[in-house]
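So the structure is just underneath, and the comments pick up after that.
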Amino acid sequence: MDKHKKNISFIAVSVVIGFMIAIQFQTVKEPVERDTRDLWQLREALLQEKELQSELLSEIRSIEETLQAYESKQKQSKEQALLDTIQELKIEAGMTEIQGPGLTLRIEPILEEIQIGLPIASSLSPELLKRLLNELNMYNAKYVSVDKQRIINTTVIRDINNETKIDGHALTNLPIEVKVAVDNIETAEKLYNQMKASKATEEFFIENLKLTISDPNPEITIPAYDNSIQVRYLESLKANEGGNT
């Protein structure tokens, strides 16, 4: 039994040794294929490889320039988008002059009262002005000015010492013009028809005032808001707050 095991071990060792000798012989054996090119052929092949390398480098450089141009354009687009957004916010806040189609409303004393010697209205009450502005807004008036004073979301209209004031501007003299601008002439015509059919004219007549509504005008100028806008309950962000910087 022990002899049989020894024979098996001897055979296994012999196989391993033979396998290792075969590998060593294969390693030192000369390659089957040999490079038989002469020096000039090798130089030509080297030149071709260098030309290919030069073409690849040129293509990489071209791609890098394209990427840089794209990144620059993308950056400019972001900056332009930011500038456009700022301009839109200024328009929305009333900080820019607006020109477009719209109407002109004129508020003045009733001439008949003057002719018969009755006391005439010398001022416009805040309540009557607010009702007019509310009605204009209800009919989609987009930009409004009163006596060349731009009306914005934060505008304050109130009575101070028996004078109607718009953000501190006193409406002391009649007549007063109210200018309204909208998006297009079709909207201006619709606004005109709605105001002509409203009771605004009657409400002004009760107060001894005449409200005249002009025909739609393709070019109405609304001045920019020229007072400082008070911002409350807001604080500037510190570095690294509110997003990446």
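Within the range 158-171, if we keep just the residues that are surrounded by fewer than 20 Cβ atoms within 10 Å (Cβ to Cβ) and of a type in the set (A, V, I, L, M), the residue that is nearest to residue 91 (Cα to Cα) turns out to be 170.
Taken over the range 187-210, the residue count meeting the criterion of being of a type in the set (Asp, Glu), over 13 Å from residue 125 (Cβ atoms) and at pLDDT below 95 is 1. Is it the case that residue 174 is loosely packed, with under 13 Cβ neighbours inside 10 Å and modelled with pLDDT under 95? Criteria not met by residue 174. Listed by position, the helices (runs of 4 or more DSSP H) inside the range 1-119 whose residues that are modelled with pLDDT under 70 and among the polar types (S, T, N, Q) number at least 3 are 2-28. Taken over the range 122-157, the residue count meeting the criterion of being part of a loop (DSSP other than H, G, I, E, B), within 19 Å of residue 94 (Cα to Cα) and of a type outside the set (Ser, Thr, Tyr) is 8.
The values are calculated or read from the model by the stated rules, or taken from the named source; none is laboratory data. Since this is a predicted model, take the numbers as computed values, not measurements. As a convention, Cβ positions derive from the backbone with ideal geometry for all residues, glycine included, and neighbour counts pool all protein chains shown.
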